[in-house]
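Participant: So that we are looking at the same thing, I have put the structure below in structure tokens.
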Amino acid sequence: MIRSLAVSFALMAPFACADEPKKPEVKPPAFAVEVAAIQQDVEAKLAPLYAAREKDYEAAKTQTDREAIVAKSTAESNKIHAPAYEHAMKLLRPNAADPAAVAGLVWVSSSSGPALQSEVVGLLRKHHLVHPETITFAKNMKQSGYAWVESLLREQHASPELPKDQAWRVHLALAMCLQLQAQLPAQLADASESDSRRDDRIFGKEQIAEMKKYDSAKLEAESLKLFKEVGEKYPKQVVIPGLTVGKFATSSIFEIEHLGVGKVAPDIVGEDLDGAKFKLSDYRGQVVMLSFWASWCGPCMGLIPQERELVAKYKARPFTLVGVNGDPDKKELKAVLETNKITWRSFWAGDKGPEGPIPMTWNVNMWPTLYVIDAEGVIRSKTVLRDRLDARIEEWVKKAEAKK
């Protein structure tokens, strides 16, 4: 549901000169040392648990088996987390105003339940709103979908104490947060049964119910306004090497204005992996599944078997699978195509891979990103997976056939 390949905002640490006097080391208070020890103990206990889950997950044959493995692992990890968080909070509550408590509070809030999360975030907002670790935490959570992340970013954005070098970062993070929230009601309504069970397990049913009520139109309008402001005010700031705020804002604005469900998909003009030119509009009259994929993307390759099945199933019906490939080296890609029996056509994003012109224009931050486009060229769903993807395609193929 939530984007897993979002843009990160790294802060570069200053270089220390050899002749600079060394600053005396500040010994952390006892409570902070104990909280850090609790965290290390939890990580040590979770490591074998997660390793076993990954092994079992890869060996699982069905989606039901994979869900059961994840559910079991989540229950076991909760048994480790719960007493650790309780112990840590007994140490952190009376020392919440101490800057040394920030790291521990961020750790607890990053994966605890809704009730404890609300308390911890409240402490961070009260005592450490613009602390560097609180700002980084809020930015990292910008596309989680939680309402409290929006509130935290809003307060930081409005704070007169926000460091100037963080202003554009928080501004951009808030715009991305609102953009994601605007998309959630449609995504949740279009989720498969397995995805819905997963979301309920991760976020809780009450939080999911709240997300479904987000005002998409209002959030989208404000997000658009924020992207325009940050693009105009900080156009040359570097998000990641090769990508400025101006470019990123332009792509995000394009996505909001042209790539929403119910809007006509913009045309794509490019070359396939053999160098032959073609257009997305060449397939007007057919339902198109547009898949942004790459061989370096594990989830993309995991989707290939289902895509092969779709191509075979709809061979004689008005359906086409078109890819946009993000591999920078076409020569190495040929072996991938042969090994995985990928026969459908893909636009090549270019030697810049995911930073090529097509994925950049379409603001693809998550791989794979999938669009189902109807026979009239209208976007009907975005990044739905598994059984729900099959159902969506079948729905619009039947409608295309009925019109003919």
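One line per residue, one yes/no per condition, for (1) in contact (Cβ under 8 Å) with a residue 60 or more places away in the chain; (2) in contact with a Lys or Arg (Cβ under 8 Å, 6 or more places away or on another chain); (3) not β-branched (Val, Ile, Thr):
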| site | (1), (2), (3) |
| --- | --- |
| Asp195 | yes, yes, yes |
| Asp200 | no, no, yes |
| Gln207 | yes, no, yes |
| Met211 | yes, no, yes |
| Lys225 | no, no, yes |
| Gly231 | no, no, yes |
| Tyr234 | yes, no, yes |
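Participant: Would you mind stating whether Glu58 is charged (D, E, K, R), loosely packed, with under 12 Cβ neighbours inside 10 Å and out of contact with any strand residue (DSSP E or B) (no Cβ under 8 Å at 6 or more places or on another chain)?
Facilitator: Criteria met by Glu58.
Participant: Is it true that Ser216 is buried (at least 19 other Cβ atoms within 10 Å of the Cβ) and among the hydroxyl-bearing types (Ser, Thr, Tyr)? Spell out how you get there, then give the answer.
Facilitator: Values: buried (at least 19 other Cβ atoms within 10 Å of the Cβ): no; among the hydroxyl-bearing types (Ser, Thr, Tyr): yes.
No; evaluated as a whole, the condition is false for this residue.
Participant: From Ala97, Ala71, which residue is open to solvent by 50 Å² or more (accessible area, probe 1.4 Å) and either outside any helix (DSSP H, G or I) or more than 21 Å from Pro29 (Cα to Cα) (or both)? Reasoning before the result, please.
Facilitator: Details: Ala71 fails: open to solvent by 50 Å² or more (accessible area, probe 1.4 Å).
Just a single option satisfies the conditions, and that option is Ala97.
Participant: Among the helices (runs of 4 or more DSSP H) lying completely within segment 301-403, list those that include at least 1 residues that are β-branched (Val, Ile, Thr), touching a Ser or Thr at 6+ places or on another chain (Cβ under 6 Å) and in contact (Cβ under 8 Å) with a residue 12 or more places away in the chain.
Facilitator: Details: elements: 330-339, 357-361, 386-403.
Once the helices (runs of 4 or more DSSP H) in segment 301-403 are filtered for at least 1 residues that are β-branched (Val, Ile, Thr), touching a Ser or Thr at 6+ places or on another chain (Cβ under 6 Å) and in contact (Cβ under 8 Å) with a residue 12 or more places away in the chain, what remains is 330-339.
Participant: A further question on this structure: For segment 159-193, which positions are buried (at least 17 other Cβ atoms within 10 Å of the Cβ), at pLDDT below 95 and more than 24 Å from Lys218 (Cβ to Cβ)?
Facilitator: Ser192, the sole residue that qualifies.
Participant: Just name the residue that is surrounded by the most Cβ atoms within 10 Å (Cβ to Cβ) out of those in segment 300-326 that are more than 26 Å from the chain's Cα centre (by Cα) and among the hydrophobic types (A, V, I, L, M, F, W, C).
Facilitator: Per the criteria, the residue is Phe319.
Participant: For segment 218-237, what are the residues that are out of contact with any helix residue (DSSP H, G or I) (no Cβ under 8 Å at 6 or more places or on another chain) and either aliphatic (A, V, I, L, M) or at positive phi (or both)?
Facilitator: Ala221
Participant: Looking only at residues in segment 364-383 that are of a type in the set (A, V, I, L, M) and within 16 Å of Glu309 (Cβ to Cβ), which one is surrounded by the most Cβ atoms within 10 Å (Cβ to Cβ)?
Facilitator: Once the filter is applied, the top-ranked residue is Val372.
Participant: Could you please tell me which pairs satisfy a Cβ distance under 8 Å, a separation of 6+ or placement on different chains, a first residue in segment 167-184 that is among the charged types (D, E, K, R), and a second residue that is part of a helix (DSSP H, G or I)?
Facilitator: Every condition considered, the pairs that remain are Arg169/Ile135; Arg169/Lys139.
Participant: If you don't mind, another one. Specify the residue that is surrounded by the most Cβ atoms within 10 Å (Cβ to Cβ); the eligible residues are those in segment 275-299 that are assigned to a helix (DSSP H, G or I) and not aromatic (Phe, Trp, Tyr).
Facilitator: Leu280
Participant: Given (1) assigned to a helix (DSSP H, G or I); (2) out of contact with any helix residue (DSSP H, G or I) (no Cβ under 9 Å at 6 or more places or on another chain), where does Lys61 come up short, assuming only one miss?
Facilitator: So Lys61 meets the others, but not (1).
Participant: Which members of segment 197-213 meet the condition of being in a helix (DSSP H, G or I) and either among the aromatic types (Phe, Trp, Tyr) or open to solvent by less than 40 Å² (accessible area, probe 1.4 Å) (or both)?
Facilitator: Once the filter is applied, which keeps residues that are in a helix (DSSP H, G or I) and either among the aromatic types (Phe, Trp, Tyr) or open to solvent by less than 40 Å² (accessible area, probe 1.4 Å) (or both), segment 197-213 yields Asp199, Phe203, Gln207, Ile208, Met211.
Participant: Please verify whether Ser144 is within 26 Å of Trp107 (Cα to Cα), more than 18 Å from the chain's Cα centre (by Cα) and not aromatic (Phe, Trp, Tyr), treating the condition exactly as stated. Can you show your working first?
Facilitator: Details: within 26 Å of Trp107 (Cα to Cα): yes; more than 18 Å from the chain's Cα centre (by Cα): no; not aromatic (Phe, Trp, Tyr): yes.
Here the answer is no, as Ser144 does not meet what is asked.
Participant: Right, next: Can you list residue pairs whose Cβ atoms sit under 6 Å apart, with the first residue in segment 33-49 being acidic (Asp, Glu) and the second being modelled with pLDDT of 95 or more? Count only pairs 6 or more apart in sequence or on different chains.
Facilitator: Pairs found: Glu34/Leu91.
Participant: Under 25 Å from Gln187 (Cβ atoms), touching a Lys or Arg at 6+ places or on another chain (Cβ under 6 Å) and of a type outside the set (A, V, I, L, M, F, W, C), is that true of Asp387? Before you say what the answer is, go through the steps one by one.
Facilitator: Numbers: under 25 Å from Gln187 (Cβ atoms): yes; touching a Lys or Arg at 6+ places or on another chain (Cβ under 6 Å): no; of a type outside the set (A, V, I, L, M, F, W, C): yes.
No.
Participant: Can you find even one residue in segment 20-27 that is open to solvent by 60 Å² or more (accessible area, probe 1.4 Å), at pLDDT 95 or above and not in a helix (DSSP H, G or I)?
Facilitator: Among the residues of segment 20-27, not one is open to solvent by 60 Å² or more (accessible area, probe 1.4 Å), at pLDDT 95 or above and not in a helix (DSSP H, G or I), which makes the answer no.
The values are calculated or read from the model by the stated rules, or taken from the named source; none is laboratory data. Computed from a predicted structure; not experimentally measured. Glycine also receives a Cβ, built like all others from the backbone with ideal geometry; neighbour counts cover every protein chain displayed. Accessible surface is based on the protein model in full, side chains and every heavy atom, while ligands, DNA and RNA are left aside. Shrake-Rupley method; radii C 1.70, N 1.55, O 1.52, S 1.80 Å.
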